[in-house]
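Q: My questions will all concern the structure given below.
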Amino acid sequence: MKKIVTINRHIMEQERTLSDKPSGDFSNLLTQMAFCAKLIGRYVNKAGLVDLLGKTGNVNVQGERVMKLDDLANQTILRAFDHPGYIAGMASEEEEDVVLIPPHRPRGKYILFFDPLDGSSNIDVNVSVGTIFSIYRKITSGPDAKMEDFLRRGVEQVAAGYVIYGSSTMMVYTTGAGVHGFTLDPEIGEFLLSHENITIPDSCAVLSCNETNYSNWSDTQRAFIDHIKFKREDRYAKTTGRYIGSLVSDFHRNMLYGGIFLYPEDARHPRGKLRLLYEANPMAMLAEQAGGAATDGRTRTLELQAKEIHQRTALVVGNRREVELYEKFYQGRHLT
Ligand code: AHG
Ligand code: MN
Ligand code: MN
């Protein structure tokens, strides 16, 4: 009989590899995230039945229209983490400012970033959406989290992951010891290990970007895309185009099939569109842990120093070889 590994057991084993005397807080934090995934997954699955589709009528700090499920997913995570004492503060795509744990509540030694619902433009048409999270250790002294605890470099992450609400619900995470995927068994309500030690295949099977931005890209960015599409050598022979418009789904597919995802800066998004702390960094850590790479064209994503919590960045992530080739084009080092 196949060994069944629940996510809770896996998380506890990972914590033991990180520390000799684990307090359990780190495990509890990740386990709580898996619990949020089940709650949000339940809302996502029932959305069409219980008036959860559509917009709230509000606009978030990014100037984007907030969907009802964005709001519900955000509240779910905020409430799950504001009392158990695992974290000192959190930052969400849907919250303008950082959320600190008030002094009358227990405060922990971690900082949590999250995108409660990623790909929300896909909600109303029943296409996969996700949740992204990223965890850091608090670095300042005293129980209160300060801005310094939030403005970090991705290399400092102690864990990162995402949940994908697809044909099944999956949680994929890393603590720096490989990337592991768990599928929710709805009959027992547990995430079970289904994808151990995920590595990105070497071949670039998928090219994934929003090509309507083509006219807004620079000549070098266009040259890279043209190279992959038209001037391919044998190794690109099987590259196909796939773009969902939901980072979690696009990333998940590329990690399993091999591929490159690009949301570079362009004339409309001069700093890129995706957010460094709760979109790019967690995906970059997962990609590197799976043998891939992530860059903004000049700098490894995980080396970028955050200056504000909602900072945007260009993101090119996936197969190491193609990410490095993008850097060559971008920096004018590719000779055709
Ligand atoms: P969110 O729904 O959290 O705001 O994120 C949307 C992001 C990301 O999921 C996706 O990769 C990208 O926006 C799609 O942007 P375009 O619609 O411009 O292609
Ligand atoms: Mn997002
Ligand atoms: Mn979102």
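The values are calculated or read from the model by the stated rules, or taken from the named source; none is laboratory data. Quantities reported herein were computed from a predicted structural model and do not represent experimental measurements. Every residue, glycine as well, gets a Cβ built from its backbone with ideal geometry; the counts of neighbours run over all protein chains shown. Keep in mind that these areas ignore ligands, DNA and RNA; they rest on the heavy atoms of the full protein, side chains included. Shrake-Rupley method; radii C 1.70, N 1.55, O 1.52, S 1.80 Å.
Q: Between L112, L49, L184, which gets the highest mean-square fluctuation from a Gaussian network model of the chain, Cα cutoff 10 Å?
A: Top of the fluctuation ranking is L49.
Q: How large a share of the accessible area of the chain, in percent, is made up of carbon and sulfur atoms when the probe is 1.4 Å and the other protein chains stay in place?
A: About 48 percent, which is the carbon plus sulfur part of the accessible surface.
Q: Related question: For the chain, take the longest principal axis of its alpha carbons; what is the angle in degrees between that and the long axis of helix 25-46, to the nearest 10 within 0 to 90?
A: Rounded to the nearest ten degrees, it is 70.
Q: Also: Who wins for biggest fluctuation among L302, L39, L207 in a Gaussian network model of the chain, springs between alpha carbons below 10 Å?
A: L39
Q: If you plug each phi of the stretch 302-319 into the Karplus form 6.51 cos²θ - 1.76 cosθ + 1.60 with θ = phi - 60°, what whole-Hz ³J(HN,Hα) values come out, in order, with x for Gly and Pro?
A: For the stretch 302-319, the Karplus-derived couplings read 5, 8, 5, 8, 6, 10, 8, 5, 9, 3, 9, 8, 6, 9, 10, 9, x, 3 Hz, x marking Gly and Pro.
Q: So the label point goes 7 Å from the Cα of T17 along Cα→C-beta, right? Which residues of the stretch 121-143 then have their backbone N under 18 Å from it?
A: 135
Q: Let me have the relative contact order for the chain, percent, based on Cα pairs under 8 Å that are six or more residues apart.
A: The value is 15 percent.
Q: Can you compute 3J(HN,Hα) from phi for each residue in the stretch 94-106, using the Karplus curve 6.51 cos²θ - 1.76 cosθ + 1.60 with θ = phi - 60°, rounded to whole Hz and x for Gly and Pro?
A: For the stretch 94-106, the Karplus-derived couplings read 8, 10, 4, 10, 5, 10, 9, 7, x, x, 7, 10, x Hz, x marking Gly and Pro.
Q: To the nearest 20 debye, what is the magnitude of the charge dipole of the chain about its Cα centre, counting +1 on the Cβ of each Lys and Arg and -1 on the Cβ of each Asp and Glu?
A: Values: 40 positive and 42 negative charges, 89 e Å.
In total the dipole reaches around 420 debye.
Q: Taking the chain as the reference, fit the longest principal axis to its C-alpha atoms, fit the long axis of helix 7-18 to the helix C-alpha atoms, and give the angle between the two in degrees, 0 to 90, nearest 10.
A: Around 80 degrees separate the two axes.
Q: Please report the antiparallel percentage of the DSSP beta bridges confined to the stretch 206-335, to the nearest 5.
A: 60 percent
Q: Any chance you could check the Cα centroid distance between the stretch 158-196 and the stretch 269-313 for me, in angstrom?
A: 22 Å
Q: With θ set to phi - 60°, apply the Karplus curve 6.51 cos²θ - 1.76 cosθ + 1.60 along the stretch 178-183 and write out the HN-Hα couplings as whole Hz, x wherever there is a Gly or Pro.
A: Result, rounded to whole Hz: x, 10, 10, x, 10, 10.
Q: So which trypsin sites (Lys or Arg not before Pro) in the stretch 271-312 end up in coil per DSSP with only 14 or fewer other C-beta atoms within 10 Å? Walk me through the numbers before you get to the answer.
A: Numbers: sites: R271, K273, R275, R298, R300, K307, R312; in loops: R271, K273, R298, K307.
Here the trypsin sites (Lys or Arg not before Pro) that fit, given the DSSP loop and packing criteria, are R271, R298, K307.
Q: For T169, what residues show an amide H to amide H distance below 5 Å, using hydrogens built from the backbone and excluding near sequence neighbours?
A: L184
Q: For the stretch 7-195, report the translational diffusion coefficient in µm²/s to the nearest whole number, using Stokes-Einstein at 25 °C, 0.890 mPa s, and a Kirkwood Rh over Cα pairs. Spell out each step's value before the answer.
A: Working: Rh = 17.1 Å.
Value of D from the Cα-based Kirkwood radius: 144 µm²/s.
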